[in-house]
1. Report the residue count in the stretch 26-60 for those that are of a type in the set (S, T, N, Q) and at pLDDT 85 or above.
2. Looking only at the stretch 27-43, which residues are under 15 Å from residue 9 (Cβ atoms) and of a type outside the set (S, T, N, Q)?
3. Any residue in the stretch 1-19 that's in contact (Cβ under 8 Å) with a residue 40 or more places away in the chain and under 10 Å from residue 30 (Cα atoms): show its pairings with residues that are within 13 Å of the ligand (Cβ to nearest atom) and open to solvent by 40 Å² or more (accessible area, probe 1.4 Å) at Cβ separation under 6 Å, as long as the two are six or more apart or on different chains.
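The values are calculated or read from the model by the stated rules, or taken from the named source; none is laboratory data. All values derive from a computational prediction rather than experimental measurement. Here the Cβ is made from the backbone with ideal geometry for all residues, glycine too, and neighbour counts use every protein chain on show. These accessible areas exclude ligands, DNA and RNA; they are computed on the full protein's heavy atoms, side chains included. Shrake-Rupley method; radii C 1.70, N 1.55, O 1.52, S 1.80 Å.
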Amino acid sequence: MPMYEYCCDACGSRFSRLRPVAERSVPPPCPSCSSERTELVFSRTSAGESGCGGRPSGFS
Ligand SMILES: [Zn+2]
């Protein structure tokens, strides 16, 4: 079961989850704020974090 990285569009936090491939497009709720506005991100861009959902990375 592969690990996918998601980011929360509400609070901008990122988290990783082990998900079945069939459920990768069904993002889990955010562990920080319980928002369901999370989206799948691809961690291939490990060098530059462009933030979540276009939100500028200014979260503490
Ligand atoms: Zn959140």
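1. Applying the first criterion (of a type in the set (S, T, N, Q)) to the stretch 26-60 yields 32, 34-35, 38, 43, 45-46, 50, 57, 60.
Still in the running and at pLDDT 85 or above: 32, 34-35, 38.
The number of residues fulfilling the criteria is 4.
2. First, pick out the residues of the stretch 27-43 that are under 15 Å from residue 9 (Cβ atoms): 27-41.
Selection gives 27, 28, 29, 30, 31, 33, 36, 37, 39, 40, 41.
3. Taking only residues 6 or more apart or on different chains, the pairs are 7/14; 9/37; 9/53; 11/32; 11/33; 12/55; 12/59; 13/32.
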